[in-house]
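Visitor: Shown below is the structure under consideration.
Derivation of every value follows stated rules applied to the coordinates shown; laboratory data play no part. Quick caveat, the model's predicted, so the values are computed rather than measured. Backbone-built Cβ (ideal geometry, glycine too); neighbour counts: all protein chains shown.
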Amino acid sequence: MNCMQVEMYGSRKKQPTRRISITLGSREQHIRSTNRFIMTDFINGITAYANGIRILTHYRLWGFAFIPGLISALLGFLIFQAAWAWSDDVGGWISALWPFDWGKAILLRIVNVFGALLIGAAGLIVFKQIVLALASPFMSFLSENIEKRMATGRSVPFSLAKAWEDLVRGIRISLRNIIQELFYSFLLLLLGLIPIFSPFAAVAIFLVQAYYAGFGNMDYTLERYYKVRDSVHFVRHNRGFAIGNGTIFLLLLFTGIGFLFALPLATAAATPEVLKRMKLPD
């Protein structure tokens, strides 16, 4: 129906048609604006690491990398050993579903590799969240020191009671995120069994892991101001930045040595940005 036809029906027809057109246009404009906002935040989450390096160096805070690095090394070793030992069990269980004798040896080799990858992927999720939880007293302390030194130039004294509160909150956040991350990753893994979706599923699984990693790094600052529910809303609103922060964090873990300093660097990168975004209107 063109504009001339609308005018033939009189003013009663013109007003609803105009309102619908404006609503649809506003919705499309909002979607485009949101996509640009997410991409900008994603880039900001990546480039913030340069500022994180500058902060840790300027305020001489690289010492905070020792305990998280030690925790990461021990957990990484245990999970690697578990993946190596349990891959045969998973492979044997999967190969037992094959009812034929022919091709079983080749199938067993394939499923052993698949089993190791499956356990390794699940182990990475659990490993990441356990490290984020156990390191929360130290990373929250680091984030608070960064905030205080940037504002006043002074450091913050360590509090055992505050550290315990940070640990409890970190465990609560990690348990929530582990459940959700495993759920979404499992769904995407099932989708990846369809060959045409396999490349997209792999990228989506990585982005899911990056989001929840960034969530944990941002919460080291948010915990001083927000309850868990409010932190969830804040990170969801700034999900582009969370994914960008978590992307570099995961890539550092994959290097084999980056896990020694990935967590304090990610925290230093997130803290100034989170503080700045907290002051902006929601």
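Visitor: Between segment 212-268 and segment 119-162, what is the C-alpha centre distance in whole Å?
Guide: 10 Å
Visitor: Quick one: Arg169, Arg277, Arg154, Arg224, fewest Cβ neighbours within 10 Å first, how do they rank? All intermediate terms of the calculation are to be shown ahead of the outcome.
Guide: Working: Arg169 21, Arg277 17, Arg154 9, Arg224 14.
Least crowded to most crowded, the residues run Arg154, Arg224, Arg277, Arg169.
Visitor: Pop out the ³J(HN,Hα) list for segment 128-143 in order, Karplus 6.51 cos²θ - 1.76 cosθ + 1.60 with θ = phi - 60°, rounded to Hz; leave Gly and Pro as x.
Guide: 4, 6, 5, 5, 4, 6, 5, 8, 4, x, 7, 6, 5, 5, 4, 4
Visitor: Within a Cβ distance under 13 Å of Ala242, other residues only, what is the Lys/Arg minus Asp/Glu net charge?
Guide: On the way: positive: Arg236, Arg239, Arg277; negative: Asp41, Glu181, Asp219, Glu273.
Around Ala242, the surrounding residues sum to -1.
Visitor: Please order Phe259, Phe37, Phe249 by the number of other Cβ within 10 Å, starting at the fewest. Spell out each step's value before the answer.
Guide: Values: Phe259 23, Phe37 14, Phe249 28.
Fewest-to-most ranking of Phe259, Phe37, Phe249: Phe37, Phe259, Phe249.
Visitor: Evaluate Rg over Rh across segment 184-266, taking Cα atoms for both radii and Kirkwood's formula for Rh. Before the final figure, lay out each step's value.
Guide: Working: Rg = 14.4 Å, Rh = 13.7 Å.
Result: Rg/Rh = 1.05.
Visitor: Tell me the net charge near Val156. Cut-off is 12 Å between Cβ atoms, Val156 excluded, with +1 for each Lys or Arg and -1 for each Asp or Glu.
Guide: Values: positive: Lys148, Arg149, Arg154, Lys162, Arg224; negative: Glu144, Glu147.
Summing Lys/Arg as +1 and Asp/Glu as -1 gives +3.
Visitor: Within 10 Å of each residue's Cβ, count the other Cβ atoms and sort Asp219, Asp166 from fewest upward.
Guide: Ascending number of Cβ neighbours within 10 Å: Asp166, Asp219.
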